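S.K.: Got a structure for you, questions after.
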Amino acid sequence: MTQRKRSLITGITGQDGSYLSEFLLEKGYEVHGIIRRSSSFNTDRIDHIYIDPHEEKARFFLHYGDLTDGTTLRRILEEIEPQEVYNLGAQSHVRVSFDSPEYTVDTVAMGTLRLLEAIRDYQHRTGNQVRFYQAGSSEMFGKVQEVPQKETTPFYPRSPYSCAKVYAHWQTINYRESYDLFACNGILFNHESPRRGETFVTRKITRAVARITAGLQKKIYLGNLDAKRDWGYAKDYVRAMWLMLQQEQPDDYVVATNETHSIREFLDIAFTHVGLTWQDYVEFDERYLRPAEVDLLIGDPSKTKEKLGWEPSVTFEELVKLMVDSDREALEKTKQLGNGFD
Ligand code: NAP
Ligand code: G4F
């Protein structure tokens, strides 16, 4: 009998970690994830796929650990012996990275280095090959040097978060070239979903639309509405991560839709979808501005399409509407349960 493939995911409780887990389970993998100890539950996004590990059919396992704790990363790696490692863990909020730069860099940059070192030693000691995915970001292009941005576009990071991602990107290439590690960088442009964290602008807007239509909120306070992003659907993007690790050679890939839209356009579709005009509800709050902004992102995914056969399946308009609909349905369910409605 052939053994199941084993994968290890850091950041499994996040948006992408949850979709990637579902994807890998469907492919027949045994999925292991690293979660952080928290004083309250932090597994909302993966609760629906969790099975008691005592059950024979269980293929989904969680391990306590942290990217700032190298010893534990090593221990988990040795114990699980995964063939594929997806490094999705990060303090991933750009604005917050200006408030907590040291912690962000420790997690994003040093965390990646700790994991690469652990894999390097494990591979050397056992001779077992490990394939590594690094969750890189279009934020690395920052003050863009070329439009649209592709794999060869120079980086110009504009936040502690993106500086750390650039470090992780180059360290991943360094380990590939120095130690013959099968290591890939995905350079992913913004990707969203109903599971997107509530403080990222897209989800903040779609949640507000749901709450405004339910009479629970009157205004939404936002920062810069002129920034433009290349927004795709998270479920499509985790498929690209997996495809990268199935190739004959490791490489780096841009994953994007090749379309860009402003926050204003996002607001327009979201509010119009429920028959409202966004200008009646949006207020400015400078608290949401960043010391340095990334004005325009638009990715050229030609290489990814050609080499991985990857295509996005959801348009920008569909994405906005599905997020609004999902937040409205979630609120309706809460209402029926009588929670949060006085
Ligand atoms: P997310 O929803 O913010 O999830 C981040 C995950 O990292 C969570 O599981 C979080 O755990 C975990 N984490 C945070 N600090 C950690 C630490 N010190 N040790 C271990 N785990 C830690 O992010 P996402 O949107 O899924 O993105 C996944 C990855 O792709 C991130 O690396 C992000 O920077 C990168 N990325 C995202 C996008 C995007 O548009 N979504 C685009 C490009 C790149 P808790 O649940 O306990 O907080
Ligand atoms: O939704 P955002 O916070 O996402 P941002 O900064 O583009 O970063 C996300 O995508 C990156 C990929 O490019 C990831 F690497 C990163 O981890 C994260 O997932 O902000 C988008 C834009 C920004 O220009 C911001 O200034 O929206 C603008 N914005 C305006 N008002 C706001 C707000 N952003 C947030 N979060 N909150 C606001 O009230």
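S.K.: Report, ordered by the first and then the second residue, all pairs with beta carbons closer than 6 Å, sequence separation of six or more or different chains, a first member in the stretch 323-334 that is charged (D, E, K, R), and a second member that is part of a helix (DSSP H, G or I) and open to solvent by less than 60 Å² (accessible area, probe 1.4 Å).
M.R.: Asp327/Thr206; Asp327/Ala210; Arg328/Ala210
S.K.: Filter the stretch 304-321 down to the residues that are open to solvent by less than 50 Å² (accessible area, probe 1.4 Å) and either among the acidic types (Asp, Glu) or part of a helix (DSSP H, G or I) (or both) and list them by number.
M.R.: Thr304, Leu308, Phe316, Leu319, Val320
S.K.: Restricting attention to the stretch 17-39, which residues are within 16 Å of ligand 2 (Cβ to nearest atom), touching a strand residue (DSSP E or B) at 6+ places or on another chain (Cβ under 7 Å) and of a type outside the set (Gly, Ala, Ser)?
M.R.: Scanning the stretch 17-39 gives a single hit, Leu20.
S.K.: Go through the residues of the stretch 253-261 one by one and say whether even a single one is within 16 Å of ligand 1 (Cβ to nearest atom) and open to solvent by 60 Å² or more (accessible area, probe 1.4 Å). So that I can check it myself, show each step before the final result.
M.R.: Going through the stretch 253-261, the residues within 16 Å of ligand 1 (Cβ to nearest atom) turn out to be 253-261.
Next cut, open to solvent by 60 Å² or more (accessible area, probe 1.4 Å) only: 258-259.
For the stretch 253-261, residues within 16 Å of ligand 1 (Cβ to nearest atom) and open to solvent by 60 Å² or more (accessible area, probe 1.4 Å): present.
S.K.: Which residue is farthest from ligand 2 (Cβ to nearest atom), if the candidates are limited to the stretch 166-195 and must be farther than 26 Å from Arg229 by Cβ and acidic (Asp, Glu)?
M.R.: Ranking the qualifying residues of the stretch 166-195, first place goes to Asp180.
S.K.: Further question on the same structure: Need pairs with beta-carbon distance below 7 Å; first residue outside any loop (DSSP other than H, G, I, E, B) and within the stretch 33-44, second open to solvent by less than 20 Å² (accessible area, probe 1.4 Å) and among the aliphatic types (A, V, I, L, M); sequence gap 6+ or separate chains.
M.R.: Gly33/Ile9; Gly33/Ile12; Ile34/Ile12; Ile34/Ile76; Ile35/Ile12
S.K.: If you don't mind, there's one more thing I want to ask. Condition first: over 19 Å from the mean Cα position of the chain (by Cα) and either at pLDDT below 95 or open to solvent by 10 Å² or more (accessible area, probe 1.4 Å) (or both). Now tell me which residues in the stretch 102-127 satisfy that.
M.R.: Matches in the stretch 102-127: Glu102, Arg114, Glu117, Arg120, Asp121, Gln123, His124, Arg125, Thr126, Gly127.
S.K.: Which number in (1) within 16 Å of ligand 1 (Cβ to nearest atom); (2) open to solvent by less than 10 Å² (accessible area, probe 1.4 Å); (3) more than 23 Å from Gly299 (Cα to Cα) marks the one condition that Ala210 misses?
M.R.: Only one criterion in (1) within 16 Å of ligand 1 (Cβ to nearest atom); (2) open to solvent by less than 10 Å² (accessible area, probe 1.4 Å); (3) more than 23 Å from Gly299 (Cα to Cα) is unmet by Ala210, namely (1).
S.K.: So, in the stretch 182-232, exactly how many residues are under 30 Å from Ile119 (Cβ atoms) and of a type in the set (Phe, Trp, Tyr)?
M.R.: 3
S.K.: Continuing with the same structure: How many residues, within the stretch 34-59, are of a type in the set (D, E, K, R) and open to solvent by 100 Å² or more (accessible area, probe 1.4 Å)? Quick ask: steps written out before the conclusion?
M.R.: The first filter runs over the stretch 34-59 and keeps only residues of a type in the set (D, E, K, R), leaving 36-37, 44-45, 47, 52, 55-57, 59.
Those still in the list that are open to solvent by 100 Å² or more (accessible area, probe 1.4 Å) too: 36-37, 44, 56-57.
Looking only at that region, the number is 5.
S.K.: Being under 20 Å from the mean Cα position of the chain (by Cα) and assigned to a loop (DSSP other than H, G, I, E, B) is the filter; apply it to the stretch 51-70 and report the residue that is farthest from Ala164 (Cα to Cα).
M.R.: Looking at residues that are under 20 Å from the mean Cα position of the chain (by Cα) and assigned to a loop (DSSP other than H, G, I, E, B), I get Gly65.
S.K.: Same structure again: Among residues belonging to the stretch 149-160 that are within 13 Å of ligand 1 (Cβ to nearest atom) and open to solvent by 20 Å² or more (accessible area, probe 1.4 Å), point out the one that is farthest from Gly186 (Cα to Cα).
M.R.: Looking at the filtered set, the residue picked out is Pro160.
S.K.: Filter the stretch 71-101 down to residues that are among the β-branched types (Val, Ile, Thr) and under 20 Å from Leu24 (Cβ atoms) and give me whichever is nearest to the chain's Cα centre (by Cα).
M.R.: Val85
S.K.: Determine which member of the set Trp242, Trp231 is away from ligand 2 (no atom under 14 Å from the Cβ) and touching a residue at least 60 places away in the same chain (Cβ under 8 Å).
M.R.: Only one candidate qualifies: Trp242.
S.K.: Continuing with the same structure: Checking Thr202 against (1) hydroxyl-bearing (Ser, Thr, Tyr); (2) surrounded by fewer than 18 Cβ atoms within 10 Å (Cβ to Cβ); (3) in contact (Cβ under 8 Å) with a residue 60 or more places away in the chain, only one condition comes out false. Which one?
M.R.: Of the numbered conditions (1) hydroxyl-bearing (Ser, Thr, Tyr); (2) surrounded by fewer than 18 Cβ atoms within 10 Å (Cβ to Cβ); (3) in contact (Cβ under 8 Å) with a residue 60 or more places away in the chain, the odd one out for Thr202 is (2).
S.K.: Now for a separate question. Taking Trp278 as the residue in question, decide whether it is without any contact (Cβ under 8 Å) to a residue 24 or more places away in the chain and either open to solvent by less than 30 Å² (accessible area, probe 1.4 Å) or touching a Cys at 6+ places or on another chain (Cβ under 7 Å) (or both).
M.R.: Numbers: without any contact (Cβ under 8 Å) to a residue 24 or more places away in the chain: yes; either open to solvent by less than 30 Å² (accessible area, probe 1.4 Å) or touching a Cys at 6+ places or on another chain (Cβ under 7 Å) (or both): yes.
When the stated conditions are applied, Trp278 passes them.
S.K.: For Ser137, which of the numbered conditions (1) open to solvent by less than 70 Å² (accessible area, probe 1.4 Å); (2) more than 11 Å from ligand 1 (Cβ to nearest atom); (3) closer than 20 Å to Ile298 by Cβ fails to hold?
M.R.: Failed condition: (2).
The values are calculated or read from the model by the stated rules, or taken from the named source; none is laboratory data. Since the structure is predicted, the reported quantities are computational estimates derived from the model, not experimental observations. So basically every Cβ, Gly included, is an ideal-geometry build from the backbone, and we count neighbours across all protein chains shown. Heavy atoms of the whole protein, side chains included, go into the accessibility calculation; ligands, DNA and RNA do not. Shrake-Rupley method; radii C 1.70, N 1.55, O 1.52, S 1.80 Å.
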